[in-house]
Every structure is written in C-alpha cells, then in structure tokens.
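The structure appears below as structure tokens.
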Amino acid sequence: MTAALPADLFCPRVNTRLHGPALSRIVAGMWRMGEWGMTAEQRVAFIEQCIALGVTSFDHADIYGNYGVEGLFGEALRLQPSLRDRIELISKCGIKLLSPQRPQHTIQHYDTSAAHIVASVEESLRQLHTDRLDLLLIHRPDPLMAFDEIAAAFTSLRQAGKVLHFGVSNFSRHQFESLNRRIELATNQVEFSPLHTTPMFDQTFDGLQDLGVAPMIWSPLAGGRLFASSDDNADRLRLMIKGIADELNQPFASVVFAWIMQLPCRPLPLTGTGRIEAVAVAVAGTGFTLSRDHWFTILRAARGHEVA
C-alpha cells in the first residue's frame, strides 16, 4: 500500500541552537547531485520545488562528486540568482581526496589547518556562486586538529562575512564540546538511522541535547539498506516499520523520518535524493508523531532485543 501525501505539505523551520541558524527541519543533501543527470535548468527546477515544500537548506561538501557538486549547484544559482536569498547553503571541508581535480594532493588525508579551512571556503564560495555560506562544518575529526587554530579560522571567516555559522560533522561528544568551548558550534552532523543507532547510546545525542544543539543526520534511511538489504535484522526491522506505516496510513520512509525527529535533541535529517517525491515523503514525516509504543517497537526491532 502506498499512502497518499497531504496536498499542503510544508516543512517547518528550526533554529539549531539559541542564536544559531534557522534551517528547514528536512535538509536537502546534495552528495549525489552529480549522479542525477540533471541539466542546469532541471537543477533550478528541483531547488524551486524543494523551496515550495519548505525545504530551504541544502547540504554540500567541497569533496562531493569528486569536487564537482558545488559547481553544479552554482550553475543553477547563476541561472536563477534570486534563489540565493531564499535558501541556506551548508558546506563542509577538511578532507583531501586524491583526485584529478586536485593534482597537488599526494595522499588522501585530513587537513583542518587554518590555511586549508580558509582556502576551502574561498573555493566553495566561488563554486557555489555566492558571497557567503550560512553554515560551515568540519567534515571529520582530524588527528592533527588544533582546536584553537580552528576557532581562530572560524572567527576570521565570520568577521569577513564569508561564513555566518559553524559546526562539525562526525565528532564525538568530547571533540564537539572541546571546540564548542572556544567558538559556538551550531550542529554536529552524524550518521543515524534505525540501522545505526550508536549516537543514541554513546552520549552524542545526550551531550547535544544538554547544550541545546540540534544534530543534523546523514544517511537516515541507512543508505537505502532499509529498503533493500537482505540482512536478517534489516528484514525484521523493515517488516515492523511497514506494519506501523500501514496502520498509520503513512509512507514507510515518512515513519522513519518521524521516528528520528521524535528524539528530544531535535534532529534535522538529510535527504539524498533528486526525486522531489522522495523529498516530499521526508517532509511528511514532520507532520505526525508516533506513539511511544510504536517508537519503541521500532527501536526494539532495530536493536534485536527488548528494552532492558
């Protein structure tokens, strides 16, 4: 059974923290944009369709699409410059890939030096055809990262008006709090789904809730494994979620998004699709709340054992 979506779908907005950026509760992830086969005009249309649903926040990273996705998105903004003031642009830096696009890179590694952060932002601004990022994240923890140096780079970029807010991605609670003591961080973007519940139990979400900071969530549908994996645990979980979705007359993925967003740390899940119908299904998850019985039924299936 495929549930019908409401005709008046519209995504709410939330501040990730006090004085933090206001983002759409569902964030459009651009990681795979290079695989979508869209013309520049089709990319403009997709952005406009997202905005019509209230999805105004677009998540990038310098490395996405082998350093190509920001440029594809920037082409759309060049075609329709008025879009820029209607959206929030998020990007990440700190990973150096081996790529023909970066012939100077001789080894894949992390770089959170101030020089690399600033240079990455300058290039992202050029590729995205914009004068500022609404939010910049450090993509992954770097064993050589110096918290004071990162904070100084962030401060310099803010003073120059090139980045409005800062955050991190894939940081532990301690790493987040160490940098947050030096400069206010708006979010920690982490992997979370019914097939990857670690942040719920390793203090990541507890620590963010304590600070009043909303996490961003990548891979909320487990990279599609919730739909297609032949793993026994995934099969059991899929059947449980489908039963709840049928009972509520809601799409399967909407139930997953609703389950994630019910956490008190106020997560903002990312989509990873170029199909506006799939974005709408994610937005539909903002429109209802699961009962505690349903929520814990999914958690029990996800963990494979009773709550003890």
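Only one of these is aliphatic (A, V, I, L, M) and over 23 Å from Ala119 (Cβ atoms): Leu195, Leu157. Name it.
Unique residue meeting the criteria: Leu195.
Name the residue, out of Phe201, Phe171, Phe166, that is among the aromatic types (Phe, Trp, Tyr) and surrounded by fewer than 17 Cβ atoms within 10 Å (Cβ to Cβ).
Phe201
To keep it simple, each residue is scored yes or no on (1) modelled with pLDDT under 95; (2) within 22 Å of Val190 (Cα to Cα); (3) out of contact with any Phe, Trp or Tyr (no Cβ under 7 Å at 6 or more places or on another chain); (4) among the charged types (D, E, K, R).
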position: Leu83; (1), (2), (3), (4): no, no, yes, no
position: Arg86; (1), (2), (3), (4): no, no, yes, yes
position: Leu89; (1), (2), (3), (4): no, yes, no, no
position: Ile117; (1), (2), (3), (4): no, yes, yes, no
position: Glu122; (1), (2), (3), (4): no, no, yes, yes
position: Leu128; (1), (2), (3), (4): no, no, no, no
position: Leu133; (1), (2), (3), (4): no, yes, yes, no
position: Ile138; (1), (2), (3), (4): no, yes, yes, no
position: Asp142; (1), (2), (3), (4): no, yes, no, yes
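Show the residue pairs meeting these rules: Cβ distance below 8 Å; 6+ apart or different chains; first residue within the range 1-27 and open to solvent by 70 Å² or more (accessible area, probe 1.4 Å); second residue basic (Lys, Arg).
Pairs that qualify, where the first residue is open to solvent by 70 Å² or more (accessible area, probe 1.4 Å) and the partner is basic (Lys, Arg), are Arg13/Arg25.
When you look at Phe205, is it assigned to a helix (DSSP H, G or I), closer than 22 Å to Phe147 by Cα and of a type in the set (Phe, Trp, Tyr), yes or no?
Yes: the conditions hold for Phe205.
Restricting the search to the range 44-58, which residues are over 18 Å from the mean Cα position of the chain (by Cα) and open to solvent by 20 Å² or more (accessible area, probe 1.4 Å)?
Ala45, Glu48, Gln49, Ala52
Quick grid of which residues meet (1) surrounded by 14 or more Cβ atoms within 10 Å (Cβ to Cβ); (2) in contact (Cβ under 8 Å) with a residue 60 or more places away in the chain; (3) of a type in the set (S, T, N, Q):
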| residue | (1), (2), (3) |
| --- | --- |
| Glu88 | yes, yes, no |
| Ser91 | yes, no, yes |
| Ile95 | yes, no, no |
| Pro100 | no, no, no |
| Gln104 | no, no, yes |
| Ser113 | yes, no, yes |
| Ile117 | yes, no, no |
| Glu122 | no, no, no |
| Leu125 | yes, no, no |
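Hey, among the residues in the range 224-245 that are open to solvent by 60 Å² or more (accessible area, probe 1.4 Å) and in a helix (DSSP H, G or I), which one's nearest to Trp295 (Cα to Cα)?
Met240
Between Ala258, Ala253, which is among the small types (Gly, Ala, Ser), at pLDDT 95 or above and open to solvent by less than 10 Å² (accessible area, probe 1.4 Å)?
Only one candidate passes the filter, namely Ala258.
For the range 285-298: of the residues being in a helix (DSSP H, G or I) and not small (Gly, Ala, Ser), which is most open to solvent (accessible area, probe 1.4 Å)?
Arg292
Going by what's in this entry, would Leu208 be described as open to solvent by 10 Å² or more (accessible area, probe 1.4 Å), farther than 24 Å from Glu122 by Cα, in contact with a strand residue (DSSP E or B) (Cβ under 7 Å, 6 or more places away or on another chain) and aliphatic (A, V, I, L, M)?
Spelling it out, it is not the case that Leu208 is open to solvent by 10 Å² or more (accessible area, probe 1.4 Å), farther than 24 Å from Glu122 by Cα, in contact with a strand residue (DSSP E or B) (Cβ under 7 Å, 6 or more places away or on another chain) and aliphatic (A, V, I, L, M).
Suppose we filter Ala282, Ala301 for residues that are in a helix (DSSP H, G or I), within 30 Å of Arg173 (Cα to Cα) and out of contact with any strand residue (DSSP E or B) (no Cβ under 7 Å at 6 or more places or on another chain); which single one remains?
Ala301
Could you please find all residues in the range 175-198 being touching a residue at least 24 places away in the same chain (Cβ under 8 Å), of a type in the set (Ser, Thr, Tyr) and either assigned to a loop (DSSP other than H, G, I, E, B) or surrounded by fewer than 19 Cβ atoms within 10 Å (Cβ to Cβ) (or both)?
Ser178, Thr187, Thr197, listed by residue number.
The values are calculated or read from the model by the stated rules, or taken from the named source; none is laboratory data. What you see is a predicted model, and the numbers here were worked out from it, not measured in a lab. Cβ atoms come from the backbone with ideal geometry, glycine included; neighbour counts cover every protein chain shown. Surface accessibility is based on the protein's heavy atoms, side chains included, excluding ligands, DNA and RNA. Shrake-Rupley method; radii C 1.70, N 1.55, O 1.52, S 1.80 Å.
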